[in-house]
Each structure stands twice: as structure tokens, then as C-alpha cells.
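Just below is one structure, and these are the notes that go with it.
The values are calculated or read from the model by the stated rules, or taken from the named source; none is laboratory data. Keep in mind it's a predicted model, so treat the numbers as computed, not measured. Cβ atoms come from the backbone with ideal geometry, glycine included; neighbour counts cover every protein chain shown. For the accessible areas, the whole protein counts, side chains as well, though only heavy atoms, and no ligand, DNA or RNA atoms are used. Shrake-Rupley method; radii C 1.70, N 1.55, O 1.52, S 1.80 Å.
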Amino acid sequence: MDRYQQILKEYWGYDDFRGIQREIIDSITAGRDTLGLMPTGGGKSITFQVPAISKEGVCLVITPLIALMKDQVDHLRNNGVLAAAIYNSMSRQEIITTLDNAILGGVKILYISPERLSSELFIKKLQHIPVSFITVDEAHCISQWGYDFRPSYLKIAEVRTLKPDVPILALTATATPEVIKDIQHQLQFREENVFRMSFARDNLSYVVRQSNDKEEELLHILRSVNGCSIVYVRNRKKTKEIADYLLKNGISALAYHAGLDSTLRDERQQMWQGDKVRVMVATNAFGMGIDKPDVRTVIHLSCPDSLEAYFQEAGRGGRDGRRSYAVLLYNDSDRRKLQRRVTDNFPDKDYIKKVYEHLAYYYQIGMGMGAGAAFEFNMDEFCQNFKHFPTQVESALKILERAGYIGYDEERDNKARLCFTLSRSELSRLESLSPNETNVITTLLRNYGGLFSDFCYIDESFVAKQAQLTPQQVYMILKNLSSKHILRFIPHKKTPYITYLQRREDTKNMIIPKEVYEDRKKEFIQRLQWMLRYATNDHECRSQQLLRYFGETDSQPCGHCDVCIVRRKDHLSAEQLKPALQAIITLLDDGKEHPVYELHQLTIAKEQLDTALEYLINEEYITMNDSYITLTADRQSLSRLAQ
């Protein structure tokens, strides 16, 4: 083994790299700017963690995924790697300590959110940090042609001027040819250098199911395919409605969206990852950085805005290499909803200017004033005061941000804070506390100072770990102690912020550039059209449609999507398929579960048997996992099918 293989074996237990991991590692360690295109679950993190361990200095990892930061830092530390992360909810002193550790050699891999790149403190400290290379995760976010463009990513190029000799490794799982070129341009690559891994997923079957009753169809799918599932819906309200619907029908489910308290989100995520709950019903806030290998179905009840978003979300199924299904439930109302999103995402320019003017009234900012001022933003109050709809206001704010007038931080983390209202002596005389309350108070006093004189920031998850309780238990205990006036507790929350990047401008003089509005609107419409084509094209292999969109034009039909299965069934005559159907009917006629190996004992040609099985599973006549096959339709229906 060479040095990189030894690191891989020592820290991850693998004997060798897979796919294009090794090529990417060789490229970045040779000092070349490198772009790696790898599908979801392709092992992106290995490509920067292995060389980071092998090289002198600190690998700076820029990622928008706070959950991913925390998970990877915990995993790396448990394996003996010096890793740390910086994100918005940390106190200034915590950030300073982490950056000083990086300067002094106490950090090998430093994760940081893109929003932190422009802070004066970070820029000052970065000049003294010995950076080995910079990794940009979710690199499509830097491209104005990407589906998830984030202005904060543009700050990466400024960081590069501070470290001109440090190479950049950009990684993404979703990029069209146009976005691939733009990523390299925006990151100022010295030369084009791209490593591509095919986005094809041989074990993932893509299915589009036309359905006017999506909830009923969802039940059919979950009852037909065993195992863990993610169900994606469009809005927060729908997550609860569908989760409740599944619970009423005997399927364990939880709702997940960005509006939930972070403690509750973490608890629900852990329950789902620990297989205590089968289905997570979520908005697109769920899934980024979540590495659960055994997701058997990813079901979209709502049509995403783009094939990039769909491909990334669908790709969370089947990371263990076993057969899994990505199902899009679609009907004519989806077309109308998608078309309506154009006006929701790109309201008229006059409307955008009106929102800008109303912001000034809201914050009482005079003409020519306000540059650098930052304010908490209450969306509900603003919309109520000025008679706006939240969806269009949010779109207007994002366009104003891209045009350079304001900064719009949708969810700035504000850490939990508390202080005791009783003195230490009064606290010690309390006799009405429960054992858990006493445990939490003792943990707080042991780990935090100054709690009796002023509010102190606390980490609820850390307190929970020290007290051997769940974060939700700690949250409820602190709320209860607050209601008893033993302490004052301000829970962790995420609050939107508006920052004026320049003085307030007269709307008559405002310019919203073509590349910010017209060009992006055109791109958005094109992405919607691709999404609609995918949902309605029942003549071409689903996998081939997706791969062509991402620039892979020489792929072969997958053989197991809904289109390929129907094509194979049509290819085989009814007479050819009938023996396989009759053999399966005979096997399952007793209505019992049968071991899968019994199928292989049938004297039927493999192509006929495979086609019959895939057709029956797809049409929900049978269910089948690695071990057993079971009849789910009534036997008369299956018998009629074989006649």
C-alpha cells in the first residue's frame, strides 16, 4: 500500500479507492485546481479527507451544510483526526479559539460556512493559517446558472486572493455542462481540470407514476416495497398532513422541515436514522449530508423545480447498492403549479422595488441612510403590515440581494441563552427539583461560568450529552425551570436578518441587472421545462433522460425503470411471458411468504422471469426484498393477468 491507501485503511477500513477518488486525490495533491463530479453517495468526502491527513497544514472545507459539518467533525474526531467547524451559532470566543488552534497546528480539517468567509475576524486569522488546499463542497452553488446559486459562495474567490498558491478542490453531485464551465471560471481555475464519474445508478430504479390520488398511491408504494423511506413534499404544512395520514394507516412517520426547532429536528433525524421510524416526510430541507445507506424508496409527492434538485434528492436512495426506487407521483395539476412558480420566483421588477421601499418604511431608514445596518426580519409581520404574500417577498429579497442592495440571511442561528434568577445559595436550598432537573442544573454549573450575573450562551446538545439525556428532554427541563422562575431561558432559534449593503436608494434610480433577473428567469423556465419533459416522457429510459441532462449522451437503457420494464414486457410476446407469470402464480397461490431462492428453482428463462417479476412489482401485484417474495394483490387478479 502507498501512503494514501494506508490512510484509507487506517481511518476508514477500506483496502482501496473506488471510482475516480484516487484520480482526484492525485490531482489535488499535485497542486492542481480540480473539479470532481460524483453522484450522491459516490464518496466525495474521501477525496479531500485522505489528502488533508497526508499533507502538512490545514484543509479548509467550505460547505453550506451545518448538519454535515457537525457529523463529519464528530466522525473524524472519533477516528483520531484533528477536525473542527465554524458556523453562525458559535460565540465570538469559540470562533477565535478554533481559528487560533488552526494557526498553531491543532486542526487538520477546518469546516466553515460560506457566510463566514467575509467576516473581518476570519480574514485576519486566515492570513496566519497554513492552508494545504481549499475544498468547495456543493460547488454548483457558486454558478449563477446552477439551480441553487448562493451569493455567499462568490466570496470564495476573494479568499483565493489571500492564498494565491493554494489549490482548490471543487466537488458537486449535480452540474450541467454549462455549470461545470462556470464553476471553474468563478473559482479562477488556472486551467480546466475535470474528473467525471458517471451519474448512472445501476441499483436505483426511476419511476414516474401518473396519479390523481397521490396519498392513496403513496400508501400502495410503501406497502409494496419494504424498508426505510423519504417522502418529499412542497411545503411545511404538507409534511405534517402526510405524516399524520401515514400514521393513521399504520405506517410510522415523522414530519421534518426547516421551521422546526433544531433540537426537535435533530431528535427526529436520529429516530429515522436509528430505524425507530420508517418514513420521513420532509421538505427539501432534509437530506443534505445525511448518509443513511438503506433508504429503499424516495417518493416525491410534489414535483421539484429542476432535474438537479430531483436527481440529488432521489439519489439518497440505495446507497448500500441494493435495489431501491425513486418514484415521482405526477398529474396535470403539477404542470400548473410549476408554471405558477415562475411568477412566484420572479415577480415584476416594480413589485421588487416596492418591497425594497416597504423595507425602508419598516425599519424607518431615510433616503441615503442605512449602509451597513442589520436588522432582524419578521416575515409574517412585514407581510401583514404591507399586504404582501411571503413567497413573493422572499423571492424579491433574494433578487435584491443578488443585485447588491441588501444581504438576506434566511436563517441566522441564535444560540440558546440562559441566566439564573436565583442566587447560588437560594438554588442550593430548593427541595422541589426532580432528579433530571438537578442533573441539568449541576451540568450547567459545571460547564458554564457567569450564569448568575448575566445571560450565557449554551449548547443544548452538549448539555444533553453531559447529562446523559436527549436534547428534547433538556429543552423541556429548561422551559420548565424557566416557568418556575428559577432561571430565564431563551431557546435557540433561527432568525432571518436583513443587512443594507449600501445606503438606501431611490427606487427610480435602482437597477436590477439583466444577469440577475432576465437571464436567471430564462434559466429557471428552461429547468422547469426539462422537469416537465422528464415527468411526461414515457418513451425514453428515465435514467437516460437524467444522464443526458447532465451531459452523458452515450448511456445505455437502464433496464429497470418504469419505461424499460414496459418496453421489455412489450418486447416479449404474451405467449413468452405467460409461463413466467403462471409459474409465479403457482408459487404464491397459498398466499404465504416464500424465500426468494425458490424463484431460482423455477424452470423459466432468466429474461422472462426478471421481466415478469419487475412488471409485477411495479404494478404492485407482489412485494419482494432480498429474502422473501409475497403476493399483495388478490390471487384472482393475478390469475387473470396470466390468461
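Couple of notes before you dig in:
- 12 Å beta-carbon shell around residue 326, net charge (K/R +1, D/E -1): +4
- Distant-in-sequence amide contacts of residue 326, defined by a placed amide H-H separation under 5 Å and a gap of 5 or more residues or a different chain, comprise 205, 206, 207, 298.
- Shape of region 262-362, Cα gyration tensor, a/c cut at 1.5: oblate
- Residues of region 423-463 with amide N under 13 Å of the 7 Å Cα→Cβ point at residue 488: 452-456
- ³J(HN,Hα), Karplus 6.51/-1.76/1.60, whole Hz, each residue of region 228-234, x for Gly, Pro: 5, 8, 10, 10, 9, 10, 7
- Amide proton proximity set for residue 227, modelled H, under 5 Å, gap of 5+: none
- Using a simple spin-label model with pseudo-atoms 7 Å out from Cα toward Cβ, residue 3 and residue 244 lie 5.9 nm apart.
- Solvent exposure of region 348-454 amounts to 53 Å² per residue of accessible area, where only protein heavy atoms count and the probe is 1.4 Å.
- Here r is the Cβ-Cβ distance between residue 202 and residue 434 and R0 is 51 Å; the resulting FRET efficiency, rounded to 0.05, is 0.40.
- In this structure the amide hydrogen of residue 85, modeled in the peptide plane, comes within under 5 Å of the amide hydrogens of 111, none closer than 5 places in sequence on its chain.
- Charge tally in the Cβ shell below 15 Å around residue 441, where Lys, Arg are +1 and Asp, Glu are -1, residue 441 excluded: +2
- Carbon + sulfur, % of accessible area of region 1-130 - ligands and nucleic acids excluded, 1.4 Å: 46 percent
- Within-13-Å neighbourhood charge of residue 277 [Cβ basis; K, R +1; D, E -1]: +2
- Modelled spin-label separation between residue 465 and residue 445, with each label point placed 7 Å from Cα along the Cα-to-Cβ direction: 2.4 nm.
- Across the accessible surface of region 206-320, with the other protein chains kept in place and a 1.4 Å probe, carbon and sulfur atoms take up 45 percent.
- Between residue 120 and residue 351, the contour length at 0.36 nm per residue exceeds the Cα-Cα span by 79.7 nm.
- Simple label model, 7 Å out from Cα along Cβ direction - residue 553 to residue 509, nm: 4.9 nm
- Estimated FRET transfer efficiency (residue 10, residue 94; beta-carbon r; R0 22 Å; 0.05): 0.15
- Couplings 3J(HN,Hα) for region 163-177, derived from phi with the Karplus relation 6.51 cos²θ - 1.76 cosθ + 1.60 (θ = phi - 60°), are 10, x, 8, 8, x, 10, 10, 9, 10, 7, 10, 9, 7, 7, x Hz, where x marks Gly and Pro.
- Oblate is the label for region 457-606. Its Cα gyration tensor axes, ordered a ≥ b ≥ c, give a/c of at least 1.5 and b/c at or above a/b.
- Reachable aspartates and glutamates, given that their alpha-carbon falls under 12 Å from the alpha-carbon of residue 181 and they are not under 8 places away in the same chain: 191, 192
- Gain upon complete extension [residue 526, residue 374; 0.36 nm per residue less C-alpha separation]: 51.2 nm
- Inverse mean reciprocal Cα-Cα distance (Kirkwood Rh) of the chain, Å: 27.5 Å
- Among 624, 280, the sequence by solvent-accessible area, most first, with a 1.4 Å probe is 624, 280.
- Links that overshoot a 19 Å alpha carbon limit, given the list 124/163; 248/592; 237/354; 44/398; 398/522; 214/238: 248/592; 237/354; 44/398
- Between residue 320 and residue 291, full extension at 0.36 nm per residue minus the direct alpha carbon distance yields a gain of 9.4 nm.
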